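J.: I'd like to ask you about the structure that follows.
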Amino acid sequence: MIETQPNEGAPRALERLRVLAGVAVLAFFATNLAACGAGDDDSAVPAGGEKSASGGASGTGQTGVGGTTALASGGSFENGTGGSSGSSTAGSTGAAPPPPPEKELESAYETPVATDHYVWTANPTTGNVALISADDFSVRLAQAGDAPTTVAALPGHDEDDAIVLNAGSNDATILKLGSDGVINSQTLTTHSGANAVVVSPSGKWALIWSNAALEDASTLDPTDGLQDVTVVKLDDQPPTTTILTVGYRPSAVSFDDKEEHAFFVTAPGLTVVDLGDAPQPDRDVQLTDDPVADQTARDVSVTPDGAYAVVRLDGQKTLGIVDLGSGVRQAVTLPDYVTDMDLSADGKQAFAVAGGALVVVPVPPGDADPSTFATASAAGEVGRSVTLSPDASLALLYSNATPDQYVGILTGGGDWTTYEGHAVDLKAPVQAVFAAPDAQHGIALQTTATGSSKEGAFSVVSAQVDRAPKIVGTDAPPNALAFSPDGAQAVITTRDLTKQLYGVYLVELASLEQTFISLSSPPLSAGIVGHYGFVAQAHPEGRITFIDLADASERTLTGFELAAKVTQ
Amino acid sequence: MTKKPLICACLLLGCGGRPSSWDTTFTPTDPVGLDNAVAVLDPTLDRALVLTSPGPLELKEDSVPIGQNVVKAQASPDGKRLFVLSRGVSPRRNPGDERPRLTLIETDPTPTVVRTYEFDDPLSGLVIDPQGEWAVLYVTSTDSRPVSNPNEILLVNLTDLSSDPIAMTVQSSSGSPQSFSFTSELTVPNGYPRRLLVIETQNEVTLVDLSSSITDDVRASRQVTIPMPENQQGATGAPAEVVSHDADDTLPAELAVRLQNDTNVLLLPLAKPPDGSDLPFYIEPNLVDVGGEPTTIDFVNTDAGTRLAALVGTNAALVDPATSNVLDVTLSKPFTGIALVTTAIGSATQGTDMALLWSNTTPTIGLWDLGAATTAATHGLDTLEVGASIRDVLDVPGDAFATSKILEGLSGDFYVLDLVARRSSPMLTNGRTFQLTFAPDGQSRRLWAFTPSGADFSSIDLGDLNPNELHTDRPIWDVFDIAQSDGGVGRTAVVLHQVDTDFGATLFDALAPDTANTRFYSALALGGLKHD
């Protein structure tokens, strides 16, 4: 199934940066991706789909149109220019209908997780967590609780530590691998029904919560609010836990820089949790005028300092900026429907995609006139989604709501008043695009091109205007991707369950060369540990393949679960 | 000294005290061939009749006592020792009732019991180490008792006959021993090289450390048990074959397990144990899918390094133990058996192996030069058509014909293969199922082929491959080629006959067999009569 997340409210840019540290991103595709979304009409796409193959543009920030909307106390959006009471669709009356919503396919898959030297992977069936050394490929096994499902690395320690969420026993296990090779564990009681764990960047806090986005909504009772959260203070010895209540059905969480607050994006709004010595909910913040109607298509990002939340709604031309301290909401009206939005790493800029162009919105916008916002576009590509590099110097525009084989490559920096942009024709519909950590390259994962005998494709694009993209047809659809921390390599897995074709590509980004390695079982996820890429695969006894990033040599370990059963 | 006992003894003798063998029915077990003797067990009288040949066409018979209720007799691989396992009196009701025992008999210079091992519970399973260093006694399904420990074994150190058997229980959660095998000496990360006893149960493989540097208590307690993984059908896996390979410059010593009804093979490297551990090694299992259910596996040295070769259909999967990478090599024929012939051919100096491949489904054999396995277009395979599918391949004992192999065909024919000339010479039979036997030391340079219950048999000179047709006047029970016990180079072919209660033997000169030059001995169960 396509993992569209129309109601994802996660602050995606920050979430990606925090969880993946710019290293690993994963995407999952169904075999019928190409069929999905077909037939939707995007009036912005030229008839026939013919676009400029490589037309480039450079220029300065384009002036926009439309007005700034300010948020009146009381909470309803008002038309900023006219001051009349407005609706949430202000600015769209009489205009073309909004484009179909984009699919968020860059979501992170949390297991396995890599620490400095180990890959940690949990087996819910056996209750074991395997620690696989990337130094010597030795395997250690630790017993967690009942049905460990989610593993998160614990940063900020000299040791390789992790926390494991045990779905079956309503607890979590902290595993610490000592220098003597001994694994010490501590068990923490959590609330019932937890399915996600997030650790603060310093490793001081862990938030164990129930992510509504991971649940099948059709199986949830309306009264299943998933509102319990277990806050773990990891620097206490032993770690202490506090169970709190947040808003109805949380779907994303983040910390502020100082790790004094945690922010839960919930169905009705956003719950701010005061971490402190005695963690407690601080306040609930309303993000939109109509939290009941707006919660299904909302995209929320919280700035790293925890001062603002930036809110995008599908089918709206406005971007909401919410002061989390005062609760004051400000609406910024952009020239067209805002189809995607990412925050820069420092949270100072929101990169909104409106009408196929990138609009750089300062956060907070203050009294700035939206017409003065820097705007960037790539001739030939009407992007609906954007992917930013960690330093926000590379923006990749694309669209997956309807088949679109073009990617717009925008390079800027700073305030983006100057930029370079060009579009490339990747020959096959783009499903997701990822920017390398060094902002020098991007990788697009694609579905089958018309007339192609391939089951999928991926393309490597360079930020350099004068480098052609490398297009690679694949015998199975690509399903996961991870970059090396320096952006020099990437691993891309492919999977066709029907044809039982599985593999992984090691891509040298500088040369755009790729090496294919066949796998004998379905890849589940990919990541980087040390100087190896790794691919976790579906296998009853556990299977993982390591790929040396230097020479593409591989080593597969299978049956490490079996090691737990060996009596020796 | 009183004269009464002497008088009584004389009276008893005078009353016709004749050997008890005259009053009992001779019901021997299958004969066992030794280097210089043939042993026939006579369970009725708890004795082993050991036949030796002190000179040309000469037969000497010795009666050696063995335990009561014999269940198994087996020769050591070098033919120097005979092991006889007996159950004793069961149940024991009197202190004098014999216990279960293992009787060890040596035949040089004369047949003698050199050690008897007694134990409490009757065991009917016996396995002898091919290197002759260990014996294992174990429980079989015939050892029925009210309460039974199916994992009870006794380990006998044959290098120190003064030592007592080591009693231990095989560490198994749900199975019992189905097969025993011994590795060669393997290098371990922590300690001296050592051999391992490999015990296959229904769903596990257990390793017993045979090192002389550990105590028997440690040996018994420090077993390593590896459960088999589930197969693709979700059934608990079962071991089908275990092979081993010693460490080399790049790889640790390793065992590999072929699994029943499974496309995976299980690699078991003897890895470095965790820091601080006093274990000699640490098993880190790794499963590798070889693309189909292999019929056999073995470690081989290829041009790319050490690989585990798994024969799968018409392919050989070469598994790199270091990486688990699998290279499929097309062999064009569905070979089902593999045997390394590197030493026989003398190509070991190149560092890569030569393997003989055969098939029980197609009349083709292959000589596989593994030095070209991963690079050459032919993968180094040279095939040779033979007249039948091959059931088994036999080595020719001794050094004289090290490059020859005997191929046993499914049709009853057999073939003598010259590995160097790459020539197969058929030995056509008249359709009956022949049995083949050699001298244990190969000194007669001959192969003997006979049909049980027939009167004709053949001797094939492995030098010129000419069969020599031979005949006896009585049905053949078995044929043995033994060294003469006079210390010379002469050899005797002992053709045993057993018809009803008549046990006899016809002797031939094994170096120059001739039907015109034989001697028949009859009534061997009664002391023997020589017939010139």
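The values are calculated or read from the model by the stated rules, or taken from the named source; none is laboratory data. None of these values were measured; they are calculated from a predicted model. Reconstructed Cβ throughout: ideal geometry from the backbone, glycine too, with neighbour counts over all protein chains shown.
J.: Do you know which of the residues in region B:281-293 that are under 18 Å from B:E241 (Cβ atoms) and more than 7 Å from chain A (Cβ to nearest Cβ) is modelled with the lowest pLDDT?
T.: Among those that are under 18 Å from B:E241 (Cβ atoms) and more than 7 Å from chain A (Cβ to nearest Cβ), it is B:G291.
J.: Then there is this: In region B:260-280, how many are more than 11 Å from every other protein chain (Cβ to nearest Cβ) and either without any contact (Cβ under 8 Å) to a residue 40 or more places away in the chain or under 12 Å from B:F299 (Cβ atoms) (or both)?
T.: 3
J.: Residues that are aromatic (F, W, Y), closer than 15 Å to B:P229 by Cβ, surrounded by 19 or more Cβ atoms within 10 Å (Cβ to Cβ) and facing another protein chain (nearest Cβ under 10 Å): does region A:541-549 have at least one?
T.: no
J.: If A:E260 satisfies all but one of (1) within 18 Å of A:D235 (Cα to Cα); (2) modelled with pLDDT under 90, what's the number of the condition it fails?
T.: (2)
J.: Quick check on my filter: what residues within region B:41-58 are in contact with a helix residue (DSSP H, G or I) (Cβ under 9 Å, 6 or more places away or on another chain) and assigned to a strand (DSSP E or B)?
T.: Of everything in region B:41-58, those that are in contact with a helix residue (DSSP H, G or I) (Cβ under 9 Å, 6 or more places away or on another chain) and assigned to a strand (DSSP E or B) turn out to be B:D42, B:R47, B:L49, B:L51.
J.: Mind checking which residues of region B:314-340 are more than 28 Å from the chain's Cα centre (by Cα), within 21 Å of B:S359 (Cβ to Cβ) and outside any strand (DSSP E or B)?
T.: Residues satisfying the conditions are B:T314, B:L331, B:S332, B:K333.
J.: Moving on. Go through region A:550-562 and count every residue that is of a type in the set (G, A, S), facing chain B (nearest Cβ under 10 Å) and out of contact with any Pro (no Cβ under 6 Å at 6 or more places or on another chain).
T.: The number of residues fulfilling the criteria is 1.
J.: From the set of residues in region A:141-160 that are out of contact with any Pro (no Cβ under 8 Å at 6 or more places or on another chain) and assigned to a strand (DSSP E or B), which is nearest to the other protein chains (Cβ to nearest Cβ)?
T.: A:L141
J.: In the list A:P201, A:P250, A:P222, which residue meets the criterion of being surrounded by fewer than 21 Cβ atoms within 10 Å (Cβ to Cβ) and either in contact (Cβ under 8 Å) with a residue 40 or more places away in the chain or within 25 Å of the chain's Cα centre (by Cα) (or both)?
T.: A:P201
J.: Listed residues B:V113, B:V71; which is surrounded by fewer than 20 Cβ atoms within 10 Å (Cβ to Cβ) and touching a strand residue (DSSP E or B) at 6+ places or on another chain (Cβ under 7 Å)?
T.: B:V113
J.: If you don't mind, another one. Among the residues that make up region A:503-522, is at least one of them at negative phi, in a strand (DSSP E or B), buried (at least 24 other Cβ atoms within 10 Å of the Cβ) and within 14 Å of chain B (Cβ to nearest Cβ)?
T.: Taking every residue of region A:503-522 in turn, at least one turns out to be at negative phi, in a strand (DSSP E or B), buried (at least 24 other Cβ atoms within 10 Å of the Cβ) and within 14 Å of chain B (Cβ to nearest Cβ).
J.: Restricting to region B:212-229, and then to whatever is surrounded by fewer than 17 Cβ atoms within 10 Å (Cβ to Cβ) and outside any loop (DSSP other than H, G, I, E, B), can you tell me which residue is farthest from the other protein chains (Cβ to nearest Cβ)?
T.: Checking each candidate, the answer is B:D216.
J.: To continue, here is another question. Answer yes or no as to whether B:L308 is at the interface with chain A (Cβ under 10 Å from one of its Cβ atoms), outside any loop (DSSP other than H, G, I, E, B), within 28 Å of A:Y502 (Cα to Cα) and touching a Pro at 6+ places or on another chain (Cβ under 8 Å).
T.: On the way: at the interface with chain A (Cβ under 10 Å from one of its Cβ atoms): no; outside any loop (DSSP other than H, G, I, E, B): yes; within 28 Å of A:Y502 (Cα to Cα): yes; touching a Pro at 6+ places or on another chain (Cβ under 8 Å): yes.
Taking the combined requirement at face value, the residue does not satisfy it.
J.: Is there a residue in region B:238-250 that is farther than 28 Å from B:D262 by Cα, out of contact with any Gly (no Cβ under 6 Å at 6 or more places or on another chain) and away from chain A (no Cβ under 14 Å)?
T.: The answer is yes; a qualifying residue exists.
J.: Would you say B:L311 is touching a Phe, Trp or Tyr at 6+ places or on another chain (Cβ under 7 Å), surrounded by 20 or more Cβ atoms within 10 Å (Cβ to Cβ) and either over 21 Å from A:G542 (Cβ atoms) or at pLDDT 90 or above (or both)?
T.: yes
J.: Further question on the same structure: I want to confirm something. Restricting to region B:325-335 and keeping residues that are buried (at least 18 other Cβ atoms within 10 Å of the Cβ) and among the β-branched types (V, I, T), which single residue is farthest from the other protein chains (Cβ to nearest Cβ)?
T.: B:V329
J.: Take region B:459-493 and flag every residue that is closer than 29 Å to B:D108 by Cα, assigned to a strand (DSSP E or B) and not acidic (D, E).
T.: B:S459, B:I460, B:V479, B:F480, B:I482, B:A483, B:R491, B:T492, B:A493 - these are the residues of region B:459-493 that are closer than 29 Å to B:D108 by Cα, assigned to a strand (DSSP E or B) and not acidic (D, E).
J.: Are there strands (runs of 3 or more DSSP E) fully within region A:341-381 with at least 3 residues that are among the aliphatic types (A, V, I, L, M) and farther than 11 Å from A:A392 by Cβ? List them. Please lay out each step first, then the result.
T.: On the way: elements: A:349-354, A:357-362, A:374-376.
Counting at least 3 such residues, we get A:349-354, A:357-362.
J.: Against the condition buried (at least 22 other Cβ atoms within 10 Å of the Cβ) and out of contact with any helix residue (DSSP H, G or I) (no Cβ under 6 Å at 6 or more places or on another chain), how does A:S525 come out, does it pass?
T.: On the way: buried (at least 22 other Cβ atoms within 10 Å of the Cβ): yes; out of contact with any helix residue (DSSP H, G or I) (no Cβ under 6 Å at 6 or more places or on another chain): yes.
Answer is yes for this residue.
J.: Here's something else I'd like to know. Looking for whichever is away from chain A (no Cβ under 14 Å) and either closer than 28 Å to B:A247 by Cβ or loosely packed, with under 15 Cβ neighbours inside 10 Å (or both) here; the options are B:A317, B:A322, B:A376. Which one fits?
T.: B:A376
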